[in-house]
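What follows is a single structure, written as structure tokens, with notes after it.
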Amino acid sequence: MKSHHEGMAEGSPRSQFVTETKSRPDLRDPTVVLSLLEADQVVAAKWHSRFGRRRLSPGVRVLLWGLRIYVVLMLVAVLVSVLRALHGSP
Amino acid sequence: MEPRHKAPAYETAHPTTASAITSPAAHELAGLLTHEDVDRARDRWRVARARLTERRSRISGGFRVLWLLIGPGVLVFLAENDAPSMLSYSATGARFGVGFFIPFVVLTFLMGLVVQEMTVRLGAVTHRGHAELIFDRFGGFWGLFAMGDLVLGNFLTLVTEFIGVRAGLGFFGIQPAWAVGGALLIVIGAIATGRYWTWERITLTLAIFNALFIPAAILARPEWSAVGHAFVTWTPFPAGNRMEILVLILAVTGATVTPWMLFFQQSAVVDKGMQPRDIRAGRFDTLLGAALASVFAIAAILATVPLYHHGINASQYQAAEFAQALEPWIGHTGAALFALGIFEAGIVAAITISTSSAYAFGEVFHTGHSLNRPLREAWPFYLILAGSATVAAGLVLIPSAPLEFIVLTVNVIAVLAMPPALAFLLLLVNDRDLMGDRVNGFWENVAGVGVTVLLIIAGMSFGLATAFPKLLRI
């Protein structure tokens with residue numbers, strides 16, 4: 001795992017030069033664009049990398065299944081409740 | 001389009017705050033830059049310039065930084081003050097007057113604030129949307145469940161937004177087809193700019209009109225001492241049909257904490273290009289949104305209290321019927337403001353919810369998913385956005401469509417689908433591989449788990465009351 005504090009995109013020397021220059025930067029220059037973005041913020045970098053699957057512990061699996069069953073049961077309850085409301089029963 | 005000319009041999013992603021220019025892959029990335037990167041870099045340059053100004057003048061520079069970074073938080077909360085939500089708030093004012101629901105609304109916004117702040121951190125640190133992270137970290141099986149909840153909830157909610165638009169403009173005698181068609185044009189017009197910043201500012205400008213409920217409330221001449229008393233004591237507690245009270249409690253909760261908000265704000269934070277150093281501003285943005293939305297929600301309750309005082313049964317009212325019923329008590333101006341507020345609530349939510357669906361689609365199917373992309377580069381994204389809005393708008397115009405069914409269920413479904421969404425959120429935001437040192441602290445987890453448990457209890461109460469109606473008569 002890389003550090004989350006390797007350096008700041010806006011704090012890099014190239015970025016400082018770009019921001020301290022008063023005129024608008026020339027964004028046709030790729031190095032200017034790259035100097036303003038974080039390394040994992042560039043679309044192509046995101047396209048070529050993925051966060052891998054995490055290992056799901058038994059506890060997490062039980063939690064996710066429990067909540068899924070909960071949602072299904074509750075949706076049935078909503079359906080019953082709405083049908084009752086639409087047909088005017090108490 | 002995405003740089004598809006290279007085989008997608010995925011590497012493991014590592015969040016980093018290092019500048020892309022210092023990356024070992026900088027040379028390769030320079031040749032793969034997209035329109036989206038260029039627009040985002042332009043936004044980052046403006047923020048960096050504002051930060052330079054902040055060093056010289058703390059007040060004006062600080063204000064400029066906030067102005068540039070405010071957006072996703074304010075938008076998500078004002079958009080969630082949508083047509084069915086304002087209808088729920090209005091129903092509590094008309095049925096129970098000033099009392100329990102006033103402080104309860106503030107509590108629900110605090111709950112919303114707790115969970116939405118986590119999406120700011122997730123988006124700023126990982127630069128990935130919520131749907132993408134769920135699919136990456138939990139796989140397609142669980143990802144599809146999460147998407148199923150989102151797609152169902154979003155579509156039903158989108159339909160109710162156009163019902164709100166139709167009802168709000170119906171007060172002024174505008175025909176449904178014109179009202180809904182015009183609203184659809186506004187949704188499509190907002191995305192036609194091809195720029196996240198412009199889209200965000202247009203939508204924010206529209207969202208500020210949620211404040212129309214404030215003059216409507218003032219015209220209702222609320223008893224401020226009763227409002228103060230309700231805040232302190234949480235009383236009077238609503239009395240009467242307990243099932244109706246329970247449904248209203250769920251509806252009001254669903255008016256502030258819903259799955260689409262998590263997906264939308266994280267994706268918007270990513271699209272805006274926010275970075276970890278912007279988290280503080282993102283928190284302020286979220287807090288401001290929650291504060292504004294809670295004030296406007298309370299205003300909607302207060303605006304309909306005259307119906308309670310005059311014993312008018314509002315249990316079957318739709319949005320515009322509230323405005324018509326209020327006219328004798330708050331005048332034509334007040335009623336017109338109320339109707340315009342319902343229209344605004346519908347249109348802003350239609351824009352943001354359809355965008356939320358499109359972001360999630362693009363993230364899951366790895367197609368371009370940014371409002372900074374031109375149409376030719378991200379047409380599936382724009383197609384989902386405009387298509388979902390168009391289908392929902394069309395459904396509202398079908399004479400026999402089950403609109404009442406949808407309005408009755410939409411906020412309740414949102415609450416019931418929220419606990420699994422919160423479980424994914426809490427697992428993601430506590431994942432050190434994603435968040436590094438920015439994982440949740442102890443109290444953030446206590447608050448997040450607390451909100452989840454409260455929502456589960458509320459949902460189970462509803463389920464038990466539905467299965468065993470006699471329980472509520474004890």
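Where a number appears in this text, it was derived from the coordinates with a stated rule and is not lab data. What you see is a predicted model; the values in this text were computed from it and never measured. All Cβ positions, even for glycine, are placed from backbone atoms using ideal geometry, and neighbour counts span all protein chains on display.
Stokes-Einstein, applied to the Kirkwood radius of the range B:1-139 over Cα pairs at a viscosity of 0.692 mPa s and 37 °C, places its translational diffusion at 169 µm² s⁻¹. Which of the listed residues, B:290, B:467, B:262, is farthest toward the dipole's positive end in the range B:73-473, when Lys, Arg count +1 and Asp, Glu count -1 at the beta-carbon? Comparing the listed Cα positions along the dipole, B:290 ranks first. Simple point charges give the picture: +1 on the Cβ of Lys and Arg, -1 on the Cβ of Asp and Glu, and for the range B:73-473 a dipole about the Cα centre of about 180 debye. Here the simple spin-label model places points 7 Å from the Cα toward Cβ, and for residue B:288 and residue A:68 these points are separated by 4.1 nm.
Placing unit charges on each Cβ (+1 for Lys and Arg, -1 for Asp and Glu) gives the protein assembly as shown a dipole about its Cα centre, and among B:350, B:25, B:181 the Cα reaching farthest toward its positive end belongs to B:25. Each label point was placed 7 Å from the Cα along the Cα-to-Cβ direction; for residue B:383 and residue B:174 their separation is 3.0 nm.
With contacts defined as alpha carbon pairs under 8 Å and 6 or more residues apart, what's the relative contact order of chain B in percent? All intermediate terms of the calculation are to be shown ahead of the outcome.
Numbers: 726 pairs, mean separation 151.3, N = 474.
Relative contact order comes out at 32 percent.
Relative to its Kirkwood radius, the Cα radius of gyration of the range B:139-245 gives an Rg/Rh of 1.09.
Arrange B:63, B:209 by Cβ neighbour counts within 10 Å, fewest through most, would you? Kindly include the intermediate steps, with their values, before the conclusion.
Working: B:63 14, B:209 18.
Ascending number of Cβ neighbours within 10 Å: B:63, B:209.
Relative to the longest principal axis of the Cα atoms of chain B, the long axis of helix B:130-170 lies at roughly 40 degrees. Each of B:457, B:347, B:21 was scored by other Cβ atoms within 10 Å of its Cβ. Arranged with the fewest first, they read B:457, B:21, B:347. Relative to the Cα centre, the charge distribution of the protein assembly as shown, modelled as +1 at Lys and Arg Cβ and -1 at Asp and Glu Cβ, gives a dipole magnitude of about 680 debye.
What FRET efficiency comes out for the pair residue B:461/residue B:430, r = Cβ-Cβ distance, R0 = 41 Å, nearest 0.05? Write out the running numbers ahead of the final one.
Values: r = 28 Å, r/R0 = 0.68.
Efficiency at R0 = 41 Å is approximately 0.90.
Exposure proxy for B:28, B:444, B:161: other Cβ atoms within 10 Å of each Cβ, ordered fewest to most, give B:28, B:444, B:161. Taking the Cα centre of the protein assembly as shown as the origin and placing charges on Cβ (Lys, Arg +1; Asp, Glu -1), which of B:143, B:308, B:436 is farthest toward the positive end of the dipole? Of B:143, B:308, B:436, it is B:436. To the nearest ten degrees, helix B:319-365 and the longest principal axis of the Cα atoms of chain B are 30 degrees apart.
How big is the Rg/Rh ratio for the range B:73-473, C-alpha atoms only, Rh by Kirkwood, two decimals?
Working: Rg = 20.1 Å, Rh = 21.0 Å.
Ratio of gyration radius to Kirkwood radius for the range B:73-473: 0.96.
Maximal additional length on extending the residue B:221-residue B:449 stretch stands at 78.1 nm, based on 0.36 nm per residue less the C-alpha distance. For the protein assembly as shown, the mean projected area of the C-alpha convex hull, equal to one quarter of the hull surface, is 25.9 nm².
The angle between the Cα long axis of helix B:442-467 and the main principal axis of chain B comes to about 40°, on a 0 to 90 degree scale.
With Cα atoms as the point set, the range B:345-394 shows a radius of gyration and Dmax of 10.6, 31 Å.
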